[in-house]
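Report on the following structure.
The values are calculated or read from the model by the stated rules, or taken from the named source; none is laboratory data. Bear in mind the structure is a predicted one, so any value in this text is a computation, not a measurement. Note that each Cβ is placed from the backbone with ideal geometry, even for glycine, and that neighbours are counted across all protein chains shown. Side chains are part of the model used for accessible areas, which takes the heavy atoms of the whole protein and leaves out ligands, DNA and RNA. Shrake-Rupley method; radii C 1.70, N 1.55, O 1.52, S 1.80 Å.
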Amino acid sequence: MEEYSLRSQVFQTIRDDILKGKYEENDELREATLGKELVVSRTPVREALRQLELEGLIQIIPNKGAYVTGITQKDVKDIYMIRSLLEGLCARWATEHITKEQMEEMEENVYLSNFHAQKGHLEQLAELDNRFHDILYEACDSKMLEHQLKDFHQYVLRVRKKTLASANRGPKSNEEHEQIMEAIKAGNADLAEQLAHQHMINAYDNMVKNGLNEAYAQQDKPQE
């Protein structure tokens with residue numbers, strides 16, 4: 001069990017570092033270097049790299065090494081199209097399973113988001129936006145769906161943060177959150193599913209219109 005836990009921790013750490021932009025595209029991930037940084041042997045690092053290759057985040061070239069591929073623009077589009085379907089299903093199931101406490105937190109989230117939108121507090125708005133989706137995922141009462149959606153959410157978070165701020169998507173996004181919430185509150189699963197699906201389509205369309213290419217052009221630059 002401890003060995004499995006160690007492998008899992010090494011995998012998660014390297015994966016998070018890739019998604020957070022610590023490594024640039026085409027950077028080589030050396031087993032020995034990662035082992036020293038994480039204070040582990042090369043075995044769990046090697047196993048983590050194999051798993052990361054299955055996720056498409058790195059490419060292992062025989063007799064050469066492991067290289068970061070990251071998330072491409074096509075990956076972002078694919079993720080949003082898949083998310084649009086899964087978020088709709090999530091909203092449908094949340095309508096059926098949401099608890100009183102989760103609904104209260106969702107209502108508070110929308111209220112605070114409206115407040116920060118009026119004040120132009122984009123950083124707080126982005127944090128609340130992320131939390132709204134977490135509440136929705138938790139409310140669907142499916143650990144499998146929740147895990148998949150959180151993974152997808154993490155994949156595109158860096159690019160999404162750039163476009164959410166630059167395009168002032170925040171206030172519009174919160175309006176859509178409120179509509180989804182009201183549909184769930186009213187017990188209208190069909191409408192909740194439709195709204196959540198369209199919310200993801202709108203998010204992607206906005207991203208393309210207002211800076212997806214620019215965000216990727218800047219992705220290799222150091223984070224300020």
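Counting only residues that are acidic (Asp, Glu), within 17 Å of GLN179 (Cα to Cα) and surrounded by fewer than 20 Cβ atoms within 10 Å (Cβ to Cβ), how many does segment 80-127 have?
5
Can you go through ALA192, ALA126, ALA196 and tell me which one is part of a helix (DSSP H, G or I), of a type in the set (A, V, I, L, M, F, W, C) and at pLDDT below 95?
ALA126
Listed residues GLU24, GLU87, GLU53; which is under 17 Å from the mean Cα position of the chain (by Cα) and closer than 30 Å to HIS133 by Cβ?
Answer to the selection: GLU87.
Can you tell me which condition HIS147 does not meet? The list is (1) part of a helix (DSSP H, G or I); (2) closer than 21 Å to ASP75 by Cα; (3) open to solvent by 60 Å² or more (accessible area, probe 1.4 Å); (4) modelled with pLDDT under 90, and all the others hold.
Of (1) part of a helix (DSSP H, G or I); (2) closer than 21 Å to ASP75 by Cα; (3) open to solvent by 60 Å² or more (accessible area, probe 1.4 Å); (4) modelled with pLDDT under 90, only one is false for HIS147: (4).
So, in segment 1-21, how many residues would count as being open to solvent by less than 50 Å² (accessible area, probe 1.4 Å) and at negative phi?
Residues that pass the stated criteria total 9.
Kindly indicate whether any position in segment 34-49 is of a type in the set (S, T, N, Q), open to solvent by 40 Å² or more (accessible area, probe 1.4 Å), part of a loop (DSSP other than H, G, I, E, B) and farther than 21 Å from GLN73 by Cα.
Yes; the residues of segment 34-49 include at least one that is of a type in the set (S, T, N, Q), open to solvent by 40 Å² or more (accessible area, probe 1.4 Å), part of a loop (DSSP other than H, G, I, E, B) and farther than 21 Å from GLN73 by Cα.
Within segment 74-109, which residues are at pLDDT 95 or above and of a type in the set (Phe, Trp, Tyr)?
Within segment 74-109, TRP93 is the sole residue that qualifies.
For segment 50-62, give me each residue that is among the aliphatic types (A, V, I, L, M) and open to solvent by 80 Å² or more (accessible area, probe 1.4 Å).
LEU54
As an exercise: evaluate ILE71 against (1) at pLDDT 90 or above; (2) not in a helix (DSSP H, G or I) and give the number of the one condition it does not meet.
(1)
Can you tell me how many residues within segment 17-28 are without any contact (Cβ under 8 Å) to a residue 60 or more places away in the chain and in a helix (DSSP H, G or I)?
Here the count works out to 2.
Taking GLU24 and the conditions (1) open to solvent by 20 Å² or more (accessible area, probe 1.4 Å); (2) at pLDDT 95 or above; (3) not aromatic (Phe, Trp, Tyr), which numbered condition does it fall short on, given that it satisfies the others?
(2)
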